[in-house]
Amino acid sequence: MIRRIAPADCDSIAALEARLFATALDQLRLMALQNNPVFCGFVDLRPDHDQPQSTSTDDLHSYLGGYLLATIIDDEAEILSVGVAPGQQRRGVGKRLLQHFFDHGASRNMAIITLEVAEDNLPALGLYRHFGFAEFGRRKGYYKRGNQKIDAIMMKWCRAEAFP
Ligand SMILES: CC(C)(COP(=O)(O)OP(=O)(O)OC[C@H]1O[C@@H](n2cnc3c(N)ncnc32)[C@H](O)[C@@H]1OP(=O)(O)O)[C@@H](O)C(=O)NCCC(=O)NCCS
């Protein structure tokens, strides 16, 4: 089940962010983001868990399957982060979250969505391409992994009829 993010989810999202990303959004930044009127976010809830009952980072004890964080200003959206709990990946959670965001955006006349992804993040690139995102630019060496610098690929989705 997917629902809007609530303040009580911030602990669990921050814990998952810390597991998934080297530079993660912490609980304070998540709370601040939630209070921003342009924020839009959803969580996918695991069917086998009551929520929110635990902030454990252990997949087995978390009610959270995944989350999507975005901003929407007028007809333009930016996806800030998408994460799926390691034990829940490759089961369609990411697709469900993106589809829910697209459905929500359709009701708001959303025309453009942008995001950034590391060029070596093949699962995320696959997910975004599946939904019709295409590369429109690069930030050279934007991400750092040890001594290695990785480009950020900037991707964009445009509603077809908005740009004939
Ligand atoms: C990227 C991520 C959100 C995908 O979520 P997911 O629930 O595992 O993805 P889904 O099961 O919905 O798969 C959707 C599509 O993504 C692609 N994909 C997902 N995992 C993949 C993998 N390991 N390898 C290649 N493609 C993959 C595929 O195109 C897949 O479609 P398919 O199953 O029909 O082939 C998840 O892997 C994740 O949380 N990764 C760590 C955090 C992250 O990198 N977030 C994105 C930051 S830009």
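Name the residues in the range 92-115 that are near the ligand (Cβ under 6 Å from one of its atoms) and without any contact (Cβ under 8 Å) to a residue 24 or more places away in the chain, would you?
Applying the first criterion (near the ligand (Cβ under 6 Å from one of its atoms)) to the range 92-115 yields 92-95.
Matches in the range 92-115: Gly92 only.
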Practice prompt. Find the residue count for the range 116-138, including only residues that are more than 8 Å from the ligand (Cβ to nearest atom) and either in a helix (DSSP H, G or I) or touching an Asp or Glu at 6+ places or on another chain (Cβ under 8 Å) (or both).
Written response: 2
Item to complete: Only residues in the range 60-86 that are more than 15 Å from Val38 (Cβ to Cβ) and surrounded by fewer than 16 Cβ atoms within 10 Å (Cβ to Cβ) count as the first member; pair them with residues that are of a type in the set (Asp, Glu) and modelled with pLDDT under 95, Cβ under 9 angstrom, at least 6 apart or cross-chain, and list the lot.
Response: Pro86/Asp59
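Quick one: which residue in Gly141, Gly66 is assigned to a strand (DSSP E or B) and within 8 Å of the ligand (Cβ to nearest atom)? Break it down into steps so the answer makes sense when it comes.
Values: Gly141 fails: within 8 Å of the ligand (Cβ to nearest atom).
Within the list Gly141, Gly66, the selection yields Gly66.
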Fill in: Meets criteria (within 14 Å of the chain's Cα centre (by Cα), surrounded by fewer than 16 Cβ atoms within 10 Å (Cβ to Cβ) and farther than 24 Å from Ala22 by Cβ) for Phe131
yes
Discussion item. Can you confirm whether Gln88 is in contact with a helix residue (DSSP H, G or I) (Cβ under 8 Å, 6 or more places away or on another chain) and either of a type in the set (A, V, I, L, M) or within 12 Å of the ligand (Cβ to nearest atom) (or both)?
Written reply: yes
Practice prompt. Output yes when any residue across the range 112-129 is in contact with a helix residue (DSSP H, G or I) (Cβ under 6 Å, 6 or more places away or on another chain) and under 23 Å from Cys40 (Cβ atoms), and no when none is.
Written response: yes
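The values are calculated or read from the model by the stated rules, or taken from the named source; none is laboratory data. Source: prediction; values computed, not measured. Methodologically, a virtual Cβ is constructed for each residue, glycine included, from the backbone with ideal geometry; neighbour enumeration extends over all protein chains shown.
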